[in-house]
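Undergrad: One structure, pasted below without further comment.
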Amino acid sequence: MLIYIVAVALSVPIATPLSVLAGFLFGTAFGTVLVVFSATAGATAIFILARYLFRDFFSAKAERFMATVKLESTKNGFRDILIARLIPAVPFSVINIVAGLTHVRLRDYVLATVLGIVPFSFVYVHAGTSLAEIQSVRDIASTETAMILSRIGIVLLVLYVVKHFYSSRKNTLA
């Protein structure tokens with residue numbers, strides 16, 4: 001968990017392999033809980049650092065991402081963070097830093113992060129759990145593997161629909 005937290009806080013791109021490893025070592029349910037807790041702790045650490053200690057440094061570096069992420073004020077902070085987490089168009093680490101530079105409340109940020117990372121965390125951890133059950137090369141092309149790939153496809157499809165709904169709604173409100 002400590003490695004995961006530090007990797008997320010320092011934006012080291014090893015979260016996916018660590019999530020798969022968590023599934024391999026701890027199973028789907030417990031592994032998902034560990035991954036979500038660790039990722040949220042690391043994300044919250046960099047959020048706080050960006051907001052309070054390294055604001056000037058990150059403001060200069062993240063200027064071009066501010067418009068991309070389009071996080072709003074405290075009014076829509078929860079929704080914006082949740083959507084950013086559910087739609088992996090913007091890197092996880094960029095959201096952590098940019099959110100820290102906005103007026104999004106810490107409570108909204110943490111809750112949206114937890115809820116937003118559960119789907120992908122579950123899929124990656126479950127894939128790791130399935131790896132633990134592989135006994136031969138034939139198991140790789142099994143029904144279970146097809147189910148995992150189907151789940152990933154469903155998650156991506158749902159995220160696409162959410163993004164489309166959000167984009168069309170935002171355009172009609174403007």
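Undergrad: Give me the pairs, please: first residue somewhere in region 142-157 and within 18 Å of T28 (Cα to Cα), second residue anywhere and at pLDDT 70 or above and surrounded by fewer than 12 Cβ atoms within 10 Å (Cβ to Cβ), beta-carbon distance under 8 Å, and either six or more positions apart or on two chains.
TA: E144/E133
Undergrad: Does region 48-71 contain at least one residue that is modelled with pLDDT of 80 or more, under 11 Å from the mean Cα position of the chain (by Cα) and either among the aliphatic types (A, V, I, L, M) or surrounded by 15 or more Cβ atoms within 10 Å (Cβ to Cβ) (or both)?
TA: no
Undergrad: Filter region 1-25 for residues that are part of a helix (DSSP H, G or I) and polar (S, T, N, Q); which is modelled with the lowest pLDDT?
TA: Looking at the filtered set, the residue picked out is T16.
Undergrad: Checking S150 against (1) farther than 23 Å from T16 by Cβ; (2) among the polar types (S, T, N, Q); (3) modelled with pLDDT of 70 or more, which test does it fail?
TA: (1)
Undergrad: Write out, first by first residue and then by second, each pair whose Cβ atoms fall under 6 Å of each other, whose residues are 6+ apart or on separate chains, and whose first residue, in region 22-41, is over 12 Å from Y124 (Cα atoms) while the second is assigned to a helix (DSSP H, G or I) and not charged (D, E, K, R).
TA: Pairs found: L34/A22; S38/Y4; S38/I5; A39/V8; A39/I117; T40/T113; T40/V114; A41/I5.
Undergrad: Here's another thing I want to ask about it. Can you tell me how many residues within region 99-115 are buried (at least 23 other Cβ atoms within 10 Å of the Cβ), touching a residue at least 40 places away in the same chain (Cβ under 8 Å) and within 14 Å of the chain's Cα centre (by Cα)?
TA: Adding up the residues that qualify gives 3.
Undergrad: Determine whether D80 is acidic (D, E), buried (at least 20 other Cβ atoms within 10 Å of the Cβ) and either under 14 Å from the mean Cα position of the chain (by Cα) or modelled with pLDDT under 90 (or both).
TA: yes
The values are calculated or read from the model by the stated rules, or taken from the named source; none is laboratory data. Source: prediction; values computed, not measured. Positions of Cβ are backbone-derived with ideal geometry, glycine not excepted, and every protein chain shown enters the neighbour counts.
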